[in-house]
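Enquirer: For reference, the structure I am asking about is given below.
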DNA sequence: GCGACAG
DNA sequence: ATCTTGTCGC
């Protein structure tokens with residue numbers, strides 16, 4: 001797929017924050033998602049701090065049936081240190097390389113990290129969405145910011161994630177009794193629709209099928225690069 | 001000043 | 001993220 005927008009490569013933390021403050025205004029919180037999502041692409045990365053390598057994976061699935069349509073992985077050098085709130089600058093370069101390698105443009109992107117549920121309302125999912133111009137959802141495994149009540153134990157139960165008086169996401173139980181995931185808007189999709197999509201993508205496990213597949217792929221790519 | 005802190 | 005054994009539960 002084509003990615004027109006160039007991704008900024010900051011050299012300092014201050015520079016990275018400045019970029020986020022600028023790009024945050026480009027996030028589209030409206031529901032621009034196609035009524036019928038046909039394909040969904042999952043994104044994830046794996047690290048090898050020892051060798052300073054990062055592997056990224058982009059895997060596209062049919063929304064109904066979860067059949068794998070396309071998959072790409074890329075291994076490159078780590079270019080930015082881990083900094084809470086700024087890891088989009090670590091993961092975005094390889095993720096975009098993987099996305100660019102895809103032949104077809106998907107209807108939706110699912111990231112393993114937060115979107116608006118971020119200190120400056122511009123987490124990885126927002127960054128990915130803005131740069132690609134595609135609808136994007138952030139699905140985090142742990143809380144980053146915000147407060148929330150515990151959702152009911154049944155699959156589908158959800159409670160709002162609130163930060164500074166603003167609803168920045170939802171805490172969603174994707175399977176009965178499992179630890180909930182943190183869903184937030186990345187770009188061009190409403191929180192409600194994002195939750196619906198995430199639940200649809202979690203037919204049997206806590207995490208979306210897209211994320212599970214991408215996780216395996218980039219992990220394998222890292223091993224095979226030995 | 002003291003914790004907390006996505007992956 | 002990654003390092004890691006056994007172990008509780010279905």
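A short reminder: the numbers here are calculations on the coordinates, not readings from a lab. Bear in mind that the values here come from a model prediction, so they are computed numbers and not experimental data. With ideal geometry, Cβ positions are generated from the backbone for all residues, glycine too; neighbour counts draw on all protein chains shown.
Enquirer: Rank the residues A:47, A:82, A:182 as a footprinting-exposure proxy: fewest other Cβ atoms within 10 Å of their Cβ go first.
Expert: On the way: A:47 17, A:82 12, A:182 24.
Arranged by neighbour count, lowest to highest, A:47, A:82, A:182 become A:82, A:47, A:182.
Enquirer: Find how much the distance from residue A:176 to residue A:26 grows on full extension, using 0.36 nm per residue of separation minus their present alpha carbon separation; answer in nm with one decimal.
Expert: Numbers: separation 150, 0.36 × 150 = 54.00 nm, distance 3.64 nm.
So the chain would gain 50.4 nm between residue A:176 and residue A:26.
Enquirer: Still on this structure: Apply 1/(1 + (r/R0)^6) to the Cβ-Cβ distance of residue A:103 and residue A:35, taking R0 = 41 Å, and write down the FRET efficiency to the nearest 0.05. Write out the running numbers ahead of the final one.
Expert: Working: r = 24 Å, r/R0 = 0.58.
FRET efficiency, residue A:103 to residue A:35: 0.95.
Enquirer: Figure the gain on full extension for residue A:49 and residue A:69 (residue separation times 0.36 nm, minus the Cα-Cα span) and round it to one decimal in nm.
Expert: Details: separation 20, 0.36 × 20 = 7.20 nm, distance 3.08 nm.
Residue separation times 0.36 nm, minus the Cα-Cα distance, leaves 4.1 nm.
Enquirer: Could you list A:126, A:202 in order of exposure, starting from the residue whose Cβ has the fewest other Cβ atoms within 10 Å?
Expert: Values: A:126 32, A:202 24.
Ascending Cβ contact count within 10 Å gives the list A:202, A:126.
Enquirer: May I ask what percent, to the nearest 5, of DSSP beta bridges between residues of chain A are antiparallel? Don't jump to the answer; show the numbers that get you there.
Expert: Details: 34 of 41 bridges.
The antiparallel proportion sits near 85 percent.
Enquirer: Going 7 Å from the Cα of residue A:216 along its beta-carbon direction, which residues of region A:34-67 have the amide nitrogen within less than 15 Å of the resulting point?
Expert: Under cut-off, by backbone N: A:42-44, A:57-62, A:66-67.
Enquirer: Calculated from DSSP H runs of 4 or more alone, at -39500 (n - 2.57) each and per residue, what is the 222 nm mean residue ellipticity of chain A, nearest 500? It would help to have the intermediate numbers written out before the result.
Expert: Values: 5 runs with 60 residues, N = 226.
Dividing the helical sum by the residues of chain A leaves -8000 deg cm²/dmol.
Enquirer: Let me ask something additional. For region A:98-226, report the translational diffusion coefficient in µm²/s to the nearest whole number, using Stokes-Einstein at 4 °C, 1.567 mPa s, and a Kirkwood Rh over Cα pairs.
Expert: Details: Rh = 14.9 Å.
After rounding, the answer is 87 µm²/s.
Enquirer: Among A:83-93, A:114-124, how do they line up from the highest to the lowest mean number of other beta-carbon atoms within 10 Å?
Expert: Values: A:83-93: 19.3, A:114-124: 26.0.
Highest mean packing first, the order is A:114-124, A:83-93.
Enquirer: If I take every Cα pair under 8 Å that is 6 or more residues apart in region A:98-182, average their sequence separation and divide by the length, what percent do I get for the relative contact order?
Expert: Working: 169 pairs, mean separation 19.5, N = 85.
Relative contact order for region A:98-182 comes out at 23 percent.
Enquirer: Now a separate question. So for chain A, averaging the separation of alpha carbon pairs under 8 Å that are six or more residues apart and normalising by length, what relative contact order in percent results?
Expert: Values: 546 pairs, mean separation 52.3, N = 226.
Answer for chain A is 23 percent.
Enquirer: Same structure, new question: What ranking do A:19, A:54 get, fewest neighbouring Cβ atoms within 10 angstrom at the top? Walk me through the intermediate numbers first.
Expert: Details: A:19 19, A:54 24.
Placing the least packed residue first, the sequence is A:19, A:54.
Enquirer: What is the distance in Å between the Cα centres of region A:110-171 and region A:183-200?
Expert: Their Cα centres are 9 Å away from one another.
Enquirer: So what is Rg over Rh here for chain A, counting just Cα atoms and using Kirkwood for Rh? Numbers along the way, then the final one.
Expert: Numbers: Rg = 16.3 Å, Rh = 17.3 Å.
Using Cα coordinates only, the ratio equals 0.94.
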